[in-house]
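This report concerns only the one structure given below.
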Amino acid sequence: MADKFWKKAERRIAELFGTERTPLSGSNSKNTSSDTLHSLFYIEIKSGKKRKATKLWLDVVEKAEREKKVPILIEHGWREPIIESRVTIRLSDFLELYKYYSKNK
């Protein structure tokens, strides 16, 4: 039986971080509910056509590319401490930072 699209995506992304996809990923796993077995990051991978922040993210990417900058979207909730804001960044940009950090720690 061929792998489903989302399972392939989880495997490929896990490999980029030097780890493996969690078998029975999600709440069925006995190890972690993360989609990967990474020791530092809890990685949740969502695949599909519809993503909640897609329109906003695409707007940020377009503007950043015009200015030749790295796009980063920070979402901050009402009455939430600034440090608890969520950050969205392209996987390729994040991997550059991750590889640099891993090499220089």
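Between helix 54-66 and the chain there is an angle of about 60 degrees, using the helix long axis and the longest principal axis of the Cα atoms. Tyr100: accessible area at probe 1.4 Å, nearest 10 Å²? Accessible area, nearest 10 Å²: 150 Å². Accessible surface of Lys46, taken over heavy atoms with a 1.4 Å probe and every protein chain present, rounds to 150 Å². At a Förster radius of 25 Å, what calculated FRET efficiency corresponds to the Cβ-Cβ distance of Glu15 and Ile72, to the nearest 0.05? Using R0 = 25 Å, I get an efficiency of 0.55.
Entry note, the chain: the mean residue ellipticity at 222 nm calculated from DSSP H runs of n ≥ 4, each adding -39500 (n - 2.57), is -12000 deg cm²/dmol after division by the residues and rounding to the nearest 500.
Between helix 5-16 and the chain there is an angle of about 80 degrees, using the helix long axis and the longest principal axis of the Cα atoms. In this simple spin-label approximation, Trp57 and Lys105 carry label points 7 Å from Cα along the Cα→Cβ vector, and these lie 2.4 nm apart.
The values are calculated or read from the model by the stated rules, or taken from the named source; none is laboratory data. Remember, it's a predicted structure, so these values are computed and weren't measured experimentally. So basically every Cβ, Gly included, is an ideal-geometry build from the backbone, and we count neighbours across all protein chains shown. For accessibility, only protein heavy atoms count, side chains too; no ligands or nucleic acids. Shrake-Rupley method; radii C 1.70, N 1.55, O 1.52, S 1.80 Å.
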